[in-house]
Amino acid sequence: MPDALPASTDAKPSAYRWVVLGVFMLVAGLSQMLWLNYAPLLTTVQTKYGVSEGLAGVLLLVFPLIYVLLSVPAGQLTDRKGYRFSVGLGAALMAGFSCLRISEGNFWVLLIAQTGIAVGQPFAVNGISKLVGDWFTPEHSAIATGLGTMGMFMGMAAGMAATPPLVESLGYQGAMVAFAAISVSVFAAFILLAKNNPHAKPVAEVAAPSMVSLLKNKKLLLLFTVAFLGLGFFNGLTTWLEPILAPNGFDAIKAGAVGGILIVGGIIGAVVVPAISDAMRMRKPFLIGSVALALGALVPVVTSHDETVVMISAAALGFFFLPAFALLLDMCSTVAGEAAAGGATGLLMLFGNGGGVVVILAMVFVKGDEPTFIRAVYLLYGIVALAIALAFGVAETMVKKVAVAQPA
C-alpha cells in the first residue's frame, strides 16, 4: 500500500515525490482534456443536438467563466485542507460528471456535465504550488512546477488530437465511455498514490494571510498583472488563431496544426526552461527572456505566408512562452509563503483566466468591421510588450547560496 512511504532522513529528495507529482500531472492533464474534448466536436454537437454554434460553444466557454468564479475559493480550500483534499475533490467531480456525458439524452444534460467538470478544474489544478512546496526543495521547485504544467499542456493536446479519432472509431457515445473510464482511472490513481510528505515541516499552525492582504502585496500584485497579460495573450491568440492566419493562406486544418505545434513546443519548454532556471538559481531573467523571445517568435507566426517558417516559429513561441506560466506559479508561491501558496495560486489563476476572457473579447472589439484581425494582432503585440516591461519590475525569488566562512 502507498501508505508505507520510503523511509528517508530527508523526505524532500525522496523518490516518491515523482510518484505524487506524476499522479498530479494526470489529474491536471485530465482537466484540460475534458475541457477541450468538444473543441473539435462543435459541428458534431450542433448536428446531434440541433443547437446553434453559439450555444455549442458554451461547452467550452463555461470553463474559464467557472474558473474565474471558483479559483480563489479553490485556493483557500487548498490552504485549509491541503492539496490531497482539494485535488482529490476536483478529480472526483471530473470523474463523476464525465460519466454523465455518456448519456445522449439532450444538450442540457451535456451542459450540466461540462459545468460539473468545470467546477472540478480549479480544485484540481490550484494544488500544484502546495504539492511542490511539500515534496520539493526550492532548488527544484521550478522544474517540478514545470512538469505539473506540462501535464496540463499534454492534456490540451490529447483533448484536441485524440477526440476526433475516438469518435470516428468508437462512435460518439463510445468515445464518451472511453473518456469516462480514463477519468475514473485517474481519480483512483490519485486517491491511491498521492500522499503528503510525512517528513515535511508542518505549516498548518501558521495562519494563512487573507485574500485582501495578498492583493495588497505589491510583489504579488505585479505577478498577478503579468499573469493577466500573459494568459490573456495566449488565450486570445489560440482562440482566434484560425481567422488570424487565414489571410496568410492557412485553412482550418493548417491553423490547427500550427496550434498543435505551439502546444508541443510548450510541453518541451515547460521542462527545459524551468530546469535551467533551477540550475542557474534565477527566476527573473528567465521570466523576462521567455516573454521577450516569445514576442520575437510571434511576429513570423502571424505575418509569414511560408508554412515552414510559421511552424518553426510556432514551436519556438510555445517553447519560450509557456514555461513562463510555471515560473510565475513558482515565484508567486515563494513570495506568498507556504501557508498561503494555495490562495496565491488561486489569485494568479483568477487573474490569468480573467485576462483570457478580457483579451478574447477585446480582440473582437478592436477588430471591429475590418475583414482581418490585423488590428487585434497589433493589440497582442502591445500586450506582450507591456508584460515584458512589467516583468523587469518583479522581484527575484531565488536566493543564491552564500558561502559562510568557518571560524578559525
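The values are calculated or read from the model by the stated rules, or taken from the named source; none is laboratory data. Worth saying up front: this structure is predicted, and the values here are computed from it rather than measured. Don't worry about glycine lacking a Cβ; one is built from the backbone with ideal geometry, like all the others, and counts go over all protein chains shown.
Tabulated data for the structure shown
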{"quantity": "Every residue from the stretch 374-388 that is under 30 Å from Leu327 (Cα atoms) and either of a type in the set (A, V, I, L, M, F, W, C) or not assigned by TED's automatic domain parsing to the domain that holds Asn248 (or both)", "calculated": "Ala376, Val377, Leu379, Leu380, Ile383, Val384, Ala385, Leu386, Ala387, Ile388"}
{"quantity": "Some residue of the stretch 301-319 being crowded, with 23+ Cβ neighbours inside 10 Å, at pLDDT 85 or above and under 23 Å from Leu221 (Cβ atoms)", "calculated": "no"}
{"quantity": "Filtered residues of the stretch 24-65 (kept if touching a residue at least 24 places away in the same chain (Cβ under 8 Å), hydrophobic (A, V, I, L, M, F, W, C) and touching a Gly at 6+ places or on another chain (Cβ under 8 Å))", "calculated": "Phe24, Met25, Leu26, Val27, Ala28, Leu30, Met33, Leu34, Trp35, Leu36, Ala39"}
{"quantity": "Meets criteria (crowded, with 18+ Cβ neighbours inside 10 Å and either small (Gly, Ala, Ser) or in contact (Cβ under 8 Å) with a residue 12 or more places away in the chain (or both)) for Pro247", "calculated": "no"}
{"quantity": "Pairs, first without any contact (Cβ under 8 Å) to a residue 24 or more places away in the chain in the stretch 253-271, second not β-branched (Val, Ile, Thr), C-beta under 9 Å, six or more apart", "calculated": "Ala255/Leu241; Ala255/Glu242; Ala255/Pro243; Ala255/Leu245; Ala255/Ala246"}
{"quantity": "Residues located in the stretch 335-350, provided they are in contact with a Lys or Arg (Cβ under 9 Å, 6 or more places away or on another chain) and surrounded by fewer than 24 Cβ atoms within 10 Å (Cβ to Cβ)", "calculated": "Val335, Glu338"}
{"quantity": "Residues that are out of contact with any Leu (no Cβ under 6 Å at 6 or more places or on another chain) and buried (at least 24 other Cβ atoms within 10 Å of the Cβ), drawn from the stretch 64-93", "calculated": "Tyr67, Ala74, Gly75, Thr78, Asp79, Val87, Gly90, Ala91"}
{"quantity": "Whichever residue in the stretch 14-59 is exposed (fewer than 14 other Cβ atoms within 10 Å of the Cβ) and in a loop (DSSP other than H, G, I, E, B) and, among such residues, is modelled with the lowest pLDDT", "calculated": "Ser52"}
{"quantity": "Pairs with Cβ under 7 Å, 6+ apart, first in the stretch 294-316 and free of Cβ contacts under 8 Å to residues at least 12 places away in the same chain, second surrounded by 15 or more Cβ atoms within 10 Å (Cβ to Cβ)", "calculated": "Val309/Pro300"}
{"quantity": "Failed item, numbered, when Val206 is tested on (1) modelled with pLDDT under 85; (2) assigned to a helix (DSSP H, G or I); (3) among the hydrophobic types (A, V, I, L, M, F, W, C)", "calculated": "(2)"}
{"quantity": "Matching entry among Met331, Met363 (being under 22 Å from the mean Cα position of the chain (by Cα), surrounded by 19 or more Cβ atoms within 10 Å (Cβ to Cβ), modelled with pLDDT of 85 or more and more than 30 Å from Asn248 (Cα to Cα))", "calculated": "Met331"}
{"quantity": "Exclusive hit being under 16 Å from the mean Cα position of the chain (by Cα), in contact (Cβ under 8 Å) with a residue 12 or more places away in the chain and assigned by TED's automatic domain parsing to the domain that holds Leu166, set Ser71, Ser86", "calculated": "Ser71"}
{"quantity": "Candidate set: the stretch 375-407, residues that are among the β-branched types (Val, Ile, Thr) and either at pLDDT below 90 or under 22 Å from the mean Cα position of the chain (by Cα) (or both); chosen: the one farthest from Gly318 (Cα to Cα)", "calculated": "Val404"}
